[in-house]
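Here's the structure we're looking at; comments come further down.
FYI, it's all coordinate maths here, none of it is from the lab. The model shown is predicted, which means the values in this text are computed figures rather than measured ones. A quick note on method: Cβ atoms are made from the backbone with ideal geometry, for glycine too, and the neighbour counts reach across all protein chains shown.
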Amino acid sequence: MKYILLILSLISVSFAAKKPNFIFVLSDDIAQGDLGVYGQELIKTPRLDQIANEGTRYMQAYCGTSVCAPCRSVFFTGLHSGRCPVRGNREMAPEGQWPIPANTVTIGEVAKNAGYATSTFGKWGMGFFTTSGSPLKQGIDRFFGYNCQRHAHSYFPTYLWDNDQPIALPGNKGKGIGKTYAQELIQNEAIKWVKQNAKNPFMMFYAITLPHGAHEIDDLGIYKNKPWTKLQKSYAAQVTRIDSDMGELVDTLRELGIEKDTLIVFTGDNGSSFNPQSEIGKLFKQNANGLRGYKRGMYEGALRQAAFAWWPGTIPVGRVDQSPWALWDLMPTFVEMTGITPPEGYQTDGHSLLSYLKGGNAPNRDYFYWELHKGTVAQAARWGDWKAVRNGIKKPIEIYNLAQDSGEKNNLAGRRPELVKRAAKIFEEAHQVDPEWPLSGPTQGQIDEAKKAWEIKRKRDKEGYVPEGATPLSKTPVK
Ligand SMILES: [Ca+2]
């Protein structure tokens, strides 16, 4: 009996030692159609295509909502945008966005609680370091990048944050092309961290800022001599930069021999920031998938993302699937794949995708829900093939049948009052009342705060602001 117990405990130790790593890559404003595997012909993404083809690619993977900060918050909290604590890009002075409250259980805390090493690289957007929303107070051991989304409008910033310490980047002016490309540093730190943590189970949230504006790049590479506009070349080079950086990441996992222990999920955080009729939208045929809308909307073109999962030996190779799922599913997926008990206060609106990722069916659920805080709140829901959109609380509810009309051209609301009723019920039920996020839109105080925050940002840009006590990049110790 003793021996059996010993063997059992050895088995459980060896299982415990094999907790899988999780890398979630969230690309900022990338369009589904920007990637070769989704039909892109002009922008080259060979490594992303390869990663997608070595794993499973999803055609109906949904973001949290169609702007940056709340989408991050949906992933980070496992709550949909009707319940998560950061539901809009709310600008706070002098730096940062509206913070995640202290009592929110985040995926960072869930992972850390289970003994994982945790990190975030790239663009945070969920609270400055002096607030409860600091990554370092929300379960993240290692942060490197931009805390503030306004700051992330430059790829040649005058400084970045190494945890909560500012690093000055000499030769950068914070606008236009400078000497040090932020993504270069962020990628190097991310790769370094993976190497340092190869023996631990780790959870990395890589909130890669590309190809969000400003569309600045250190090297136009293969696009240099294309007969395109400067913007078109820069944009293409930004996407290809994500590609080579993701290639380096999987190469690193393979060199470390941990590729079979590591799940990578790659998605965009919202649809393209470009109108399909713009010089980017048109040249790169970003809406060749026929979906309606783009960033800051509630139609499928804003919500459906480029998305794939890679986990050699675990996730089926070459599968392409049409089932819908959403970013708030990743929290319960992480909990199930690690077999851990989440800390007290943990809750989620998602469903674990683990068996689906492994080749099974997607989980059943009542509905998906999104809200978008810009002016009065816009809402969307999907149940089965039905999709409902209300572009503001006083606007009529629109109903579409996604199976027959994925382009959401044919509003069936007039003919299907029972579906309008169902949508209204979902909109009411899924929206959790929160005085910070009124349905009627931001309060005057919130508008004033945002105005002040942008004024400070513009002033800082003019002055080439660097936070006090910043260490120059060349003097930072090699970690
Ligand atoms: Ca974004």
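Distance between the 7 Å Cα→Cβ label points at K18 and W383: 4.2 nm. One Cα centroid belongs to region 318-350, the other to region 375-448; the line between them spans 25 Å.
The HN-Hα couplings worked out from phi for region 259-276 by the Karplus form 6.51 cos²θ - 1.76 cosθ + 1.60 (θ = phi - 60°) are 5, 7, 9, 10, 8, 10, 10, 10, 8, x, 8, 5, x, 3, 7, 9, 4, x Hz, whole numbers, x standing for Gly and Pro. According to the Cα-based calculation, Rg over Rh for region 369-430 is 0.94, with Rh computed by the Kirkwood formula. What shape does region 254-320 take by its C-alpha gyration tensor, where a ≥ b ≥ c are the square roots of the eigenvalues and a/c under 1.5 counts as rounded, a/b above b/c as prolate, and the rest as oblate? It comes out prolate by the Cα gyration axes.
Grab the DSSP H runs of the chain that are 4 residues or longer, score each as -39,500 (n - 2.57), total them, divide by all residues and round the 222 nm result to the nearest 500 deg cm²/dmol. The helix contribution divided over the chain gives -9000 deg cm²/dmol.
Between Q404 and T229, residue separation times 0.36 nm minus the direct Cα-Cα distance comes to 59.3 nm. If both residues of a DSSP beta bridge must be in the chain, then about 50% of such bridges are antiparallel.
Taking other Cβ atoms within 10 Å as a rough exposure proxy, H431, H373 sort from fewest to most as H431, H373. Residues of the chain were split at every exposed loop site, defined as GluC sites (Glu not before Pro) in a DSSP loop with at most 15 other C-beta atoms within 10 angstrom, and the longest piece left, sites excluded, is 42-343. Please state the shape class of region 189-327: rounded when a/c is under 1.5, otherwise prolate if a/b exceeds b/c and oblate if not, all from the C-alpha gyration tensor. Judged from the Cα gyration tensor, region 189-327 comes out oblate (a/c at least 1.5, b/c at or above a/b). Relative to one another, the C-alpha centroids of region 89-149 and region 175-216 are positioned 16 Å apart.
Listed by chain and number, the aspartates and glutamates placed with their C-alpha closer than 20 angstrom to that of K421 are D366, E371, D385, E398, E408, E429; residues fewer than eight positions away on the same chain are left out.
Diagonalising the gyration tensor over the Cα atoms of the chain and scaling each eigenvalue by 5 before taking the square root yields semi-axes of 31, 30, 24 Å, largest first. Bridgeable lysines around K230 (alpha carbons under 30 Å apart, same-chain partners fewer than 8 residues away excluded): K44, K123, K173, K175, K179, K282, K285, K295, K457, K459, K462. Summarising the strand pairing of region 49-187, around 60 percent of its internal DSSP beta bridges are antiparallel. Is the C-alpha gyration tensor of region 205-247 telling us rounded, prolate or oblate? Criteria: a/c under 1.5 is rounded; beyond that, a/b larger than b/c is prolate, otherwise oblate. Verdict is oblate for region 205-247.
Of the trypsin sites (Lys or Arg not before Pro) found in region 174-275, the ones in coil according to DSSP and having at most 12 other Cβ atoms within 10 Å of their Cβ are K179, K199, K224.
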